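Contents: one structure, followed by commentary.
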Amino acid sequence: MTILQNIQNINWQGIRESKLYRRFASLKTSCILLCILVGFYTIGTIFPQDAQLDDYIKSGGRFISFVIFFDLLNIFNTPVFLIIAILLFINLVICTFERFLMLRSQNKTAAEDWQFTPAYTFPLDINQELESAEESVREIFKKELRFKEKASQTYGIYIMEKGWSYRWLTWAYHIAILFCFLGFLMTYLFSFEDEITLYPGEVAVIKPAAASRWNKSWGNSPQIFDFKLELAEFITEYNQLPKLEYPADKLSRLAFALGWKDPQYTLKEESYFPKDWKSRLKAIKGNMAVLEKTIEVNDPLSYQGITFYQAAYKQMLKIQVDDNPISFETETGKEIIIPGIDGMLKFGTIRIGTLFKKDGGMEKIRPFTEVTLVKKESSGKLAPDPPLYPLQGGDKGVGRGTETENIGKLEQDGAVYIDNKRISIKEFKEASILSYRYDPGVPLLWWSGIVVLLAMSFRVFGAWYRITYRIEEKDGASHLLIKVNTKGLIADEERLIKRLKHLLEKMTEPIDLDTPV
Amino acid sequence: MSNLETILSRDAYILSIEVRLFWFIALIYGICFILYIIHLTTKKTGPGRLATNMLWVAVITHVGLILLRTFEGQRAPFQTLYESLSWFAWSASITYLYVERKWKDIFLPGILVTSLAVGASLYALLARSPAVEPLSPPLQSYWFEWHVILAFLSYAVFVVSCSIEIVYLVIRSSVKKDLRLEYGLNKGNLETFHRTSFRLALFGFPLLTFGIFSGAAWANEAWGRYWGWDPKETWSLITWTVFAIYLHSMSIQKWKELPASLFNILGFICMLMTFIGVNWLARLLGIPSLHLYAM
């Protein structure tokens, strides 16, 4: 009660008239804050975000002291950025509030609306009393042109409108943007995420390593969920992908253009292109599966507010060398040293699952991998580290001073020979890597985003008209004086005026107002 | 010849037609560009009109090319950068032609539009592989088509908006000083012509908003978070913010002239960064990006 009284006792009018408030209610402030944010965003695209400082330095990162001082590798969580975002939020709140007050007051027609400079004048070529002409024109606007009367004055000025009010639509999407901010805030405070690696048949408890920011700030440990997750099956599918024989140099490409050469598709046995990765998951409570779903990229599983996504997969290999009973365990894509072999071995992704062939058929893949021998520089000097963020899809070099040799295809029951050593696969297993996330901000963002889009679309693409008119008698004849305001891209003032002119011309004949249009 | 070999030679044959057709279209874009330059230097309307007519030919042929690519790939034709560049050249040109119908004898904005169309086409043809690839798992989403079509439509609109803005800025002083006709522009139509630039940006803004929204919704489904400050995402946000500033600055009395025009041009530059520049930036600085499939 006291709080309410205190709030009521605040001098709101005084606050609204203060310089600071007025500054925050200004559009210019919005633009300045947005400009500052653009600066932050740009910096965020120059420095790798969420990267570790050591890794940044190792990969040749520059301006280290600046990076450390301004926390440039984590710029979107710095206090300065958050303060600017908060200031923009306050600016938006004040602007929408002020706009609301303005819109509410505009429901009552303002005095300036009645003083208008007409843009068009039409002679009303009818032999009617002025009042009757007024009535006829009014009916044209209402029945033929479907305007709604907003206000009228006893001395003959009418204001009519048609279409959704652009002012309210503008206000609506700004309010929805405010709700988006709240959605971002909820994500910032309450979301958490982690990863889980599961082998087929494995059951795991969902126990995220990190708590949400909110829980962390209160010293709470991460939440443990009362269900387990089982990977019932992991499926990989591939498309057969022909390779295009096409030159890289520009002159040869011109030769193609002129018809001197023709492109060619060739199909190697190992031309595999990922089609899909699927994990059949079961959510288990007690000893019962309460939910089962096969997830894939773009089709996650949601349970108890947590969403599980198909992120990647991991493959482990046990390599046998000759008949040695001790096998070497490695992960695909990583280098392994095997005694007696000059260099390191690297095993590529094990192709397994179903292959969808180019001719429409499909077949089960006999598991195989590609083996590469990686040799360092003969001087014994280690090659520099590979780039911190190796780009996918193309660059295969592992650094200067490193030599790679493709040994060939190693099938499950086959072998390859390196330095007189027989290398074979003893065993392999494949795991599904799932990321999971709890984010209570998403539903709010989803709905407010839809409102933003709808209101903005109606505002921009729609049509809103306001006409202000009066009928004046001059030199014994009646004239229609009219002003038109339009908003929205499909609003067409010219067409409206043309149609009005046509209807007014028709008015020379008495209009049968009783006949519905 | 086996079934597979027949399929491969058929695909290679269709691709050879497609690539040559694309070269032909690029050539017409190039001729249009030269004709617009002749119009600029001679101030005669003839070359401008001829360029516009030829641009119609290029755009209609380009529709055929896009349909052929769709048939080849059995999917929407904007997965790779090669395809996106082709789509960009076409969408910018057709948007320009649509807008230009209203402005008889004003051809100057065509210079920027055709230079971008020919630049995008040549970059695709000379530097990118035309190979048709199936959709990778992250791209197999109903958001894919919506996201790309709307984003590119907004890009096309921003290109034309910026072309008009630049023409306005360059020509306004000479038109205002002198009543003589300058490339079809005069005191009477200059401001209305300039207003088209604002209306186009206004048209493109909700499309870009939907492009970002659909991208976020898609990322939420595929990667488990709607926003990751990925360079491509961030540059799209920069573009959106700059255009938001532009649209707002048109309501500020002191800003609605030159500052607003500069924001419009800056928005266009940011749009180019989002589309092409960010790939270069990510490679140059070694910044990881989840959007590498589009690079």
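The values are calculated or read from the model by the stated rules, or taken from the named source; none is laboratory data. Everything numeric in this text was worked out from a predicted model, so none of it was measured. Virtual Cβ from ideal backbone geometry, glycine too; neighbours counted across all protein chains shown. Areas reflect the complete protein model, heavy atoms only, side chains present, ligands, DNA and RNA absent. Shrake-Rupley method; radii C 1.70, N 1.55, O 1.52, S 1.80 Å.
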Counting helices only, and only those DSSP H runs with n ≥ 4, report the 222 nm mean residue ellipticity of chain A as the sum of -39,500 (n - 2.57) divided by its residues, in deg cm²/dmol to the nearest 500. -10000 deg cm²/dmol
Global form of chain B, assessed from the alpha-carbon gyration tensor, a/c cut-off 1.5: oblate
In a Debye calculation with equal point scatterers on the alpha-carbon sites of the range A:11-86 and no solvent, what is log10 I(q)/I(0) at q = 0.14, 0.22, 0.25, 0.27 Å⁻¹? -0.58, -0.96, -1.11, -1.21
Just subtract the alpha-carbon distance of A:Asn9 and A:Asp226 from 0.36 nm times their residue separation and send over the number in nm, one decimal. 73.2 nm
Decide, for the range A:191-291, between rounded, prolate and oblate: order the square roots of the alpha carbon gyration tensor eigenvalues as a ≥ b ≥ c, take rounded if a/c falls under 1.5, and otherwise choose prolate if a/b is larger than b/c, else oblate. oblate
For A:Lys375, counting only aspartates and glutamates whose alpha-carbon sits under 15 Å away and dropping same-chain residues fewer than eight positions off, the answer is A:Glu335, A:Asp342, A:Asp385, A:Glu403, A:Glu405, A:Asp419
Percent of C-alpha pairs per 20 Å bin, the protein assembly as shown, short to long: 12, 37, 34, 14, 3, 0
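Compute the Cα gyration tensor for the range B:151-295, then decide on rounded, prolate or oblate, letting a ≥ b ≥ c be the square roots of its eigenvalues: rounded whenever a/c is under 1.5, prolate when a/b is larger than b/c in the other cases, and oblate in all that remain.
Prolate, because a/c is 1.5 or more and a/b exceeds b/c.
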Over all residues in B:201-208, what is the mean tally of Cβ atoms on other chains that come within 10 Å of each residue's Cβ? 3
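Among A:His502, B:His39, what's the order by accessible area (1.4 angstrom probe), most exposed first?
In descending accessible area the options line up as A:His502, B:His39.
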When the Karplus curve 6.51 cos²θ - 1.76 cosθ + 1.60 is applied with θ = phi - 60°, which whole-Hz ³J(HN,Hα) does each residue of the range A:403-411 get, with x for Gly and Pro? 10, 10, 10, 7, 7, x, 8, 10, 8
What translational D, rounded to a whole number of µm²/s, comes out for the range B:1-70 from Stokes-Einstein when the hydrodynamic radius is the Kirkwood one over Cα pairs, at 10 °C and 1.306 mPa s? 115
Treating the range B:66-191 as a set of equal point scatterers at the Cα positions, no solvent, please give the Debye-formula log₁₀ I(q)/I(0) at q = 0.16, 0.20, 0.23 Å⁻¹. -0.82, -1.09, -1.30
As straight-line cross-link partners of B:Lys256, the qualifying aspartates and glutamates (C-alpha separation under 17 Å, not fewer than 8 residues apart within one chain) are B:Glu165, B:Glu191
Over 25 Å between Cα atoms: which of A:Lys346/A:Lys421; B:Lys187/B:Lys254; A:Lys243/A:Lys429 fall into that group? A:Lys243/A:Lys429
Any idea how far apart A:Leu291 and B:Thr61 come out in nm if each label point goes 7 Å out from Cα toward Cβ? 5.5
Please report, ordered by residue number, every helix of chain B (full DSSP H runs) that is 20 Å or longer along its axis going by C-alpha atoms and whose mean Kyte-Doolittle hydropathy reaches -1.0. B:3-42, B:45-73, B:81-100, B:109-127, B:142-177, B:190-222, B:231-249, B:258-272
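Only four residue types carry charge here, +1 at the Cβ of Lys and Arg and -1 at the Cβ of Asp and Glu. Report the dipole size of the range B:138-295 about the Cα centre in Debye, rounded to the nearest 20.
In debye, rounded to 20, the range B:138-295 gives about 540.
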Over 21 Å between Cα atoms, which of A:Lys498/B:Lys102; A:Lys275/B:Lys232; A:Lys207/A:Lys282; A:Lys364/A:Lys409 qualify? A:Lys275/B:Lys232
